[in-house]
1. Is at least one residue of segment 121-133 polar (S, T, N, Q), closer than 22 Å to Asp25 by Cβ, within 12 Å of the chain's Cα centre (by Cα) and in a helix (DSSP H, G or I)?
2. Would you mind telling me which numbered condition in (1) within 20 Å of Lys167 (Cβ to Cβ); (2) buried (at least 17 other Cβ atoms within 10 Å of the Cβ) Glu111 fails?
3. For segment 40-77, what are the residues that are of a type in the set (Gly, Ala, Ser) and over 17 Å from Lys139 (Cα atoms)?
4. Identify, from the list Gly89, Gly73, the residue that is touching a strand residue (DSSP E or B) at 6+ places or on another chain (Cβ under 9 Å), on the phi > 0 side of the Ramachandran plot and without any contact (Cβ under 8 Å) to a residue 60 or more places away in the chain.
5. Condition first: within 13 Å of Ile71 (Cβ to Cβ) and assigned to a loop (DSSP other than H, G, I, E, B). Now tell me which residues in segment 142-169 satisfy that.
6. Pairs needed: first member in segment 152-166, farther than 12 Å from Ile102 by Cβ and in contact (Cβ under 8 Å) with a residue 12 or more places away in the chain; second member anywhere, of a type in the set (Asp, Glu) and in a loop (DSSP other than H, G, I, E, B); C-beta distance under 6 Å; at least 6 residues apart or different chains.
7. Could you please find all residues in segment 133-148 being in contact (Cβ under 8 Å) with a residue 40 or more places away in the chain and closer than 25 Å to Pro41 by Cα?
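None of the figures in this text is laboratory data; all of them are computed from the coordinates on show. All figures in this text were calculated on a predicted structure; none of them were measured in a lab. Note that each Cβ is placed from the backbone with ideal geometry, even for glycine, and that neighbours are counted across all protein chains shown.
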Amino acid sequence: MRLILLLLIAINGISVAQKPAKCLDASFDHEVDKYLDFTIPVIDVDSLARHMEKYIILDAREYEEYETSHIAGAHYVGYDDFSKDALAGIPQNQAVVVYCSIGYRSEKVGEKLRKMGYTDVSNLYGSIFEWANRGYPIKNMAGKSTDTVHAYSRGWSKWITAPQIVKIW
């Protein structure tokens with residue numbers, strides 16, 4: 001079934017990214033794979049952490065999630081209320097990385113960005129859950145480091161496995 005989908009995507013001229021990333025937890029990696037179509041190239045959290053200066057980082061979660069914590073320097077663009085107005089001042093040729101909780105919503109926002117003419121869009125594989133699981137810093141609205149992550153829901157919170165992370169929903 002997935003092969004047929006990939007062939008249809010290729011025939012219609014949509015580029016499909018290869019999976020150059022993995023999550024630390026194999027079960028979470030499998031879960032992320034189930035939700036992504038790989039219509040937007042993915043970037044792994046280690047690569048983003050090493051090269052953050054290259055990218056504008058966009059948070060495609062809901063505002064309550066962003067408000068709880070986000071990757072330092074991330075710009076809130078939202079998902080349900082996503083609007084091109086959130087992209088004011090970001091050139092269409094600027095390299096951007098979009099993230100959410102695991103990568104599904106950010107992939108969908110990435111597709112919208114491509115349709116709007118953005119040419120260098122990547123989806124953060126495993127998104128903020130994997131970022132936190134690997135111990136990379138997250139910030140609150142005051143710009144202070146925090147160990148709290150909005151896990152979207154109790155069910156999704158199981159994918160945040162780092163013991164120092166406080167999960168809320």
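1. Restricting attention to segment 121-133, the residues satisfying the condition of being polar (S, T, N, Q) are 122-123, 127, 133.
Cutting the leftovers down to closer than 22 Å to Asp25 by Cβ gives us 122-123, 127, 133.
Narrowing the set further to residues that are within 12 Å of the chain's Cα centre (by Cα) leaves 122-123, 127.
Checking the rest, the ones that are also in a helix (DSSP H, G or I) come to 127.
Yes: segment 121-133 contains one or more residues that are polar (S, T, N, Q), closer than 22 Å to Asp25 by Cβ, within 12 Å of the chain's Cα centre (by Cα) and in a helix (DSSP H, G or I).
2. (1)
3. If the condition is that a residue be of a type in the set (Gly, Ala, Ser) and over 17 Å from Lys139 (Cα atoms), then Ser47 is the only one that fits.
4. Numbers: Gly89 fails: touching a strand residue (DSSP E or B) at 6+ places or on another chain (Cβ under 9 Å).
The match here is Gly73.
5. Gly143
6. As it stands, the answer is Thr161/Asp25; Gln164/Asp147; Ile165/Asp147; Val166/Asp147, since those pairs meet every condition given.
7. Across segment 133-148, the qualifying residues are Asn133, Arg134, Tyr136, Pro137, Ile138.
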